[in-house]
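To keep things clear, I will list the structure first and then write my remarks on it.
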Amino acid sequence: MQGDLTLFIKTLPGLEKILSRELKKLGGRNVVEVKRGAEATGDLGFVYKANLWLRTALRILVQLKRFQVRDEDHLYKVINKIPWEEYFDVNKTIAVDATVFSDRFKNSLYIAQLTKDAIVDRFRDQTGKRPSVQLREPEIRIDIHIQKHFCTVSLDSSGDSLHKRKYRNEVDTAPLSEVLAAGILSLMEFDGSENLIDPMCGSGTFLIEGALKAANIPPNVFRNYYAFKNWNNYDQELYDLIFTKSLEKEENTELKFFGFDIDPLVVAKAKRNSKQALMDEVIKIQKADFTNWNKGDHIPDKGVLIMNPPYDIKMEANIPELYREIGNTLKRHFSGYTAWIFTGSEEGVKSIGLKASKKYLLKNGSLDAWLLRYDLYDGTKKEHKIESH
Ligand SMILES: C[S@@+](CC[C@H](N)C(=O)[O-])C[C@H]1O[C@@H](n2cnc3c(N)ncnc32)[C@H](O)[C@@H]1O
């Protein structure tokens, strides 16, 4: 595994364009946007850099082999022939992920099992020992993707989803994925220069992701675990150099992130999370009820507002009433602001009483969710035509 590597970078649906843009900016070559991800070319150093820096990537896979697969027996034989012992040591723990979109093969669980057997049998034949399987934070993760009759075998360089940034130990009701929050900030074209307000901040994900971006700090700066560190070719000197150089890119930022939540326990947790991310000097979090807003004095005159109000039946909120009140507070107290709402409630959206000027369809977990933009003029300007993406 040297020189140019063929990479597949996974992301969430709706963030493909943002991811491709990030890849190009970071120096990825031959970047091609695909469903739920992007393809790119880069060397080992790029793989380290991409794991550290990509805000909207979930996993970075390094392709080892791509072939036309006939049946399960053929799959076993080809995978058994790959020189796995060149890539990692038999003492490392392994896990296999499989995704199958083909009626030629049984379910993906079976394919994962078959792949694991082919790898383990190869090690046993070559070394007399076998690697053991570990599902949580394995040292080595292997990825099999079968689409019709094409099979791609890759090493997952991340090892675990990159949304696990390690600054958020404390989560509360329906925390948002860090990757989704970072993607939403990019769709909002938030570049770190504006004030950012989240009046229903929960665990503080938008504020922390926004502050890391504004300070040009890699989103995964707090994360130690990457599967690539367990590969035979791991170049610690190179990784340390990339890590140190990344920290030198930090820029000064100031107090311009303001979070609120109705629940005092949630406020305390969000504060602890922002401290953990070393961002507590630029993020201020207070208790406030957005539907009964009198914090006008405590926020800047202009800025961008992002909120992810409750929208799920589990949260037991009266959705239409809550969203009507959200709309009223926005109209009364936030003229001059651009407001973005991320929600999965169509009923809620209808109750806001404002016309969106932009709309993106995304997913929150398995549910459809929308990111909507509202331009809150001071009452005189005409509304925009809606742009849908
Ligand atoms: C879906 S969660 C937000 C999750 C958040 N984006 C995160 O990253 O963790 C909604 C939050 O809104 C808060 N909330 C509900 N009603 C509120 C109100 N009237 N004013 C302020 N916060 C409220 C809840 O306490 C909850 O933390």
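Here, each number is a calculation from the coordinates, and none is a lab measurement. Owing to the predicted nature of the structure, the values given are computational and were not obtained by experimental measurement. Don't worry about glycine lacking a Cβ; one is built from the backbone with ideal geometry, like all the others, and counts go over all protein chains shown.
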Cross-link pairs beyond the 30 Å C-alpha cut-off, checked among Lys148/Lys358; Lys249/Lys359; Lys35/Lys116; Lys249/Lys275; Lys25/Lys269
Lys148/Lys358; Lys249/Lys359; Lys25/Lys269
Counting DSSP beta bridges in the range 5-156, what percent are antiparallel, to the nearest 5?
75
Length released on extending from His298 to Glu237, taking residue separation times 0.36 nm less the Cα-Cα span:
17.3 nm
Residues of the range 1-26 with amide N under 18 Å of the 7 Å Cα→Cβ point at Glu33
8-26
Magnitude of the Cβ-charge dipole of the range 5-156, K/R +1 and D/E -1, about the Cα centre, nearest 20 debye?
420
Charged-residue dipole, Cβ positions (Lys, Arg, Asp, Glu), the chain about Cα centre, Debye nearest 20:
560
Virtual spin-label span in nm between Asp43 and Ile262, 7 Å along Cα→Cβ
5.5
Mind checking which of Leu109, Leu23, Gly45 is farthest towards the positive end of the chain's charge dipole, using Cβ charges of +1 (Lys, Arg) and -1 (Asp, Glu) about the Cα centre?
Leu109
Quick check for me: using +1 on Lys/Arg Cβ and -1 on Asp/Glu Cβ, what's the dipole size of the range 211-257 about its Cα centre, in debye to the nearest 20?
240
Answer check: the range 5-156, Cα atoms, Kirkwood Rh, Rg/Rh ratio of 0.98
In whole angstrom, how far apart do the alpha carbon centroids of the range 92-167 and the range 1-44 sit?
21
How much length is gained if the chain between Asp71 and Thr244 is pulled fully straight, taking 0.36 nm per residue apart and subtracting their Cα-Cα distance, in nm to one decimal?
57.6 nm
State the dimensionless ratio Rg/Rh of the chain (Rg: radius of gyration of Cα atoms; Rh: Kirkwood radius).
1.02
Per the helix-only model, the chain has a calculated mean residue ellipticity at 222 nm (DSSP H runs of ≥4, -39500 (n - 2.57) each, divided over all residues, rounded to the nearest 500) of -9500 deg cm²/dmol
If the elastic network links every pair of Cα atoms under 10 Å, which of Leu238, Leu61, Leu207 fluctuates the most in the Gaussian network model of the chain?
Leu238
Toward the positive end of the charge dipole of the range 258-355, about the Cα centre and with charges on Cβ (Lys, Arg +1; Asp, Glu -1), which of Gly259, Gly303, Leu322 goes farthest?
Gly303
For the chain, the charge dipole (Cβ of Lys, Arg +1; Cβ of Asp, Glu -1; about the Cα centre) points to a positive end, and the Cα of Val100, Ser186, Asn224 closest to that extreme belongs to Val100
Quick one: among Arg272, Arg104, Arg223, which has the greatest mean-square fluctuation in a GNM of the chain with alpha-carbon springs under 10 angstrom?
Arg104
Antiparallel content of DSSP bridges confined to the chain, in %, to 5
60
Whole-angstrom gap from the range 211-260 to the range 323-346, using each part's C-alpha centre:
34
Taking 0.36 nm per residue of separation between Glu86 and Ser132 and subtracting their Cα-Cα distance, the length gained on full extension comes to 14.8 nm
